[in-house]
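Worksheet: one structure, shown below.
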Amino acid sequence: MEKNGINELYPPQVKAVKSGLLEGENIVLAVPTASGKTLAAELAMTKKILEEGGKALYMVPLRALATEKYREFLKYTETGIKVAISTGDYDSSDPWLANYDIIVVTNEKADSLLRHRPTWMSRISIIVADEVHIINDSSRGPTLEMVLAKLKYVNPKAQIIALSATIRNAEEIAEWLGSKIIKSEWRPVPLKKGVYFRNRIIYDDGEIVEVSGNLSEPCQALVNQTLKEGGQVLIFTNTRENAKRQALRLATLTSKYLKKGERKKLKALAEEILKTGETTRISEQLSTCVANGIAFHHAGLIYQHRKIIEDAFRDFKIKVICATPTLAAGVNLPARRVIIKSYYRYSGSFGSQPIPVLEYHQMAGRAGRPKYDDMGDAILIAKTRDEREFLFENYVKAPPEKIWSKLAAESALRSHILAAIATDFARTERGLMDFMAQTFYYHQYGGSIYIESIIRSILKFLEENEMIRIDENHLKATKIGIRVSQLYIDPLSAVYMMDGLEKRGKATEIAYLHLVATTPDMPKLFLRRGERRKLTEKALKIQDELLVEPPDPYINADEYDFFLASLKTALTLYDWINEMKEDDIIAKYRIGSGDIYSLASTAKWLIYSAAEISKLLKLRNHIKPLRQLMLRIQYGCKPELLEIVQLKGIGRIRARMLYNAGYRTIQDLKKARIEDLLKIPTIGKETVKSIIEQIGRENEKVKVEEKRDEQKRIIEYFEKRSKVKNNG
């Protein structure tokens, strides 16, 4: 521990140890951000593995968080502990994980593994559920709740450690998990919460601080004050566009605080952003911001750009980040000051709404960087005196809300009920109700007629669609039911796919894309003003080839809008696979590069699932085009590029350059001369070396270097001759 800079435990960690953390006791640790939750779990995991054997399963809600934890845990490889991460490919039992001791997964990956029942899962001796308060989230909460219920069933003797931000009813979570509760407000860096109004910050302890300077815009004034003192700032805004605009507005200010050496490092980072992925208007704006010591951060950015920003902020290169709240729920990125510019969030269902107090606490909890700051502060911005009082009463002084189970919704339960039957967690209706009694929902509400009616409605749906058979109350999954469960898709998505695929023997690319875009598993792009007419015109042109018939817009207006939103999503993917530039897609659909890759990732999985369902239903004509389409979605290219685009490090831009230069197959590349490859735009020395290694021309590795050196010598020779002539 001393080697990693840890000389003593924090008070909540000490309390956890005294409560039996290292003796196998189940623990719920509900403490503020940066108060040592993860280290407490690490102590328990390493002790359990080294002394008793078994495996540790560490579950997180987001892939970015899984990557962060995996890198953090790699330090234990020195002790002989093997660490692995698995976040993708939901149609696999990942048998290779049998060789690892600490396994980091997302909650969804843990759920998919349970559906495949790998033998190594019985050896899990300790389970860590990070960010357990995510149970309160209607989209992700039910999965974590069901995973914990299943893991308790599969590994009843395993130690469970649940980590959470401070929540009002942490005791309820502890009771459900049979755990001891460690609840604390202690932080390694004290946090002051306040409200800014008219160049003054009034803090929760009564202190009033004047924010001096000639800057009238609140964010500028607050950022300027912090940068003067050598601190860093996180600004949370309510939309992506506002995050970007705020960063661009502040760039001139942050630039004034850069030293010469910092400018040089930031310029290199700005260039790295432009070189990573396709150059777009968003990446150019981000690059401009980064060169000035500031960045914007949201889910519309590609993962690589978000990673560059996060690492640069940790290394004190970037001084300010303007972000959407997704950052607060994701990676650990503290700053001296947190500014919450808006306490409103737009909801598609209810319009603009005030944020929950728990979300405010999560954002405010990022204030104060351990080992660097003596104090952190979180500032809300008020426009009027009344608003200042409102913010104090409803956020600064208010406790976070209670956590409530979101399991009792048919959309949330469909997949989990089928999985429980397909994996033999429940074999009768009574057994299913008994299994559901292990959930947090039942702990909070008890068995109710309401949820039992939902469960029976789902059983009827699954039976009608031949995913299960019910024989005298005995429940048995069919082949299609088992496969749908393994594919980790909503049974309703599978019904849409089966209905569409059985409609005709062959289909076009747009028809397949629209089919999967209509499923509940595919996020839909928002319909903007003026798009309905254009999309309706497009729908009329291609309606004969679609596998989903459009509803009547006059009878079912909402369903028709859903149909058009699905079509817009499908058209985005269609442009992607036909090699439209990312920047043009961004402009056409008003989304970010990160959105394109997120849609493509989901679509790839659903197209794969459609191919697997076609195979099971013996719809052979669909299998080959669906599998090709899956690869095209993955790489964003036309069919002719598929052979060379799969080479590592090539990507669709370089693949198109190679193809246009006449290198259309691996065989063509094997015959290519190195000097000819180096003449192709975007194909540099490192790319050629990589191609050579992958296609079996390892003996030519050195020749790339030699050729480059030879070219350099020739250039130098002619430059010298030119100088001699000029001097003569």
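Values quoted throughout were computed directly from the atomic coordinates according to the rules given, and no laboratory measurement underlies them. Model, not experiment: these values are computed from the prediction. As a convention, Cβ positions derive from the backbone with ideal geometry for all residues, glycine included, and neighbour counts pool all protein chains shown.
Here are the numbers:
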quantity: The chain: antiparallel DSSP beta bridges as a percent of all, rounded to 5; calculated: 25
quantity: Most to least packed among 37-45, 530-538 [average Cβ atoms within 10 Å]; calculated: 37-45, 530-538
quantity: Label point 7 Å beyond Cα of Lys256 along Cβ direction - residues of the stretch 288-315 with amide nitrogen under 19 Å; calculated: 289-295
quantity: The chain - mean residue ellipticity at 222 nm from DSSP helices (-39,500 (n - 2.57) per run, n ≥ 4, rounded to 500); calculated: -15500 deg cm²/dmol
quantity: Gained length - Glu531 relative to Asn394, 0.36 nm times residue gap less alpha-carbon distance; calculated: 45.4 nm
quantity: Where chymotrypsin sites (Phe, Trp or Tyr not before Pro) in DSSP loops with at most 10 other Cβ within 10 Å are excluded, longest remaining stretch of the chain; calculated: 1-349
quantity: The stretch 491-636 shape via C-alpha gyration tensor axes, a/c threshold 1.5; calculated: oblate
quantity: Neighbourhood net charge (12 Å Cβ-Cβ; Lys/Arg +1, Asp/Glu -1) for Val83; calculated: +1
quantity: Between the stretch 242-277 and the stretch 314-383, the alpha-carbon center distance in angstrom; calculated: 20
quantity: Nonlocal amide H pairs with Thr428, under 5 Å, H built at 1.01 Å; calculated: Leu475
quantity: Relative contact order computed over the stretch 552-664 (Cα-Cα under 8 Å; 6+ residues apart), in percent; calculated: 21
quantity: Segment Leu274-Glu686, extension gain: residue separation times 0.36 nm, minus the distance between their alpha carbons; calculated: 146.6 nm
quantity: Difference of contour (0.36 nm per residue) and Cα-Cα distance, Arg245 to Asp558; calculated: 109.4 nm
quantity: Amide H contacts under 5 Å for Ile85, placed H, 5+ residues apart; calculated: Val104
quantity: Karplus 3J(HN,Hα) series, Hz, for the stretch 503-514 with 6.51 cos²θ - 1.76 cosθ + 1.60 (x for Gly, Pro); calculated: 5, 8, x, 9, 8, 8, 4, 5, 5, 5, 5, 5
quantity: Residues whose placed amide H lies under 5 Å from that of Arg200, excluding near-sequence neighbours; calculated: Val211
quantity: Distance between the stretch 516-548 and the stretch 481-499 - C-alpha centres, whole angstrom; calculated: 22
quantity: DSSP beta bridge pairing in the stretch 72-222, given as percent antiparallel to the nearest 5; calculated: 45
quantity: Karplus-derived 3J(HN,Hα), 6.51/-1.76/1.60, for each residue of the stretch 525-539, Hz, glycine and proline x; calculated: 6, 5, 7, 9, 4, x, 7, 4, 5, 5, 5, 5, 4, 5, 4
quantity: Residues of type lysines that Lys588 reaches as a straight line, Cα spacing below 24 Å, ignoring anything fewer than 8 places off in the same chain; calculated: Lys244, Lys275, Lys524, Lys534, Lys538, Lys541, Lys568, Lys604, Lys638
quantity: Furthest towards positive pole of dipole, Ile302, Thr38, Asn99, structure part the chain, Cβ charges; calculated: Ile302
quantity: In order through the stretch 199-206: 3J(HN,Hα) via Karplus (6.51 cos²θ - 1.76 cosθ + 1.60), integer Hz, x for Gly, Pro; calculated: 6, 9, 10, 9, 8, 5, 8, x
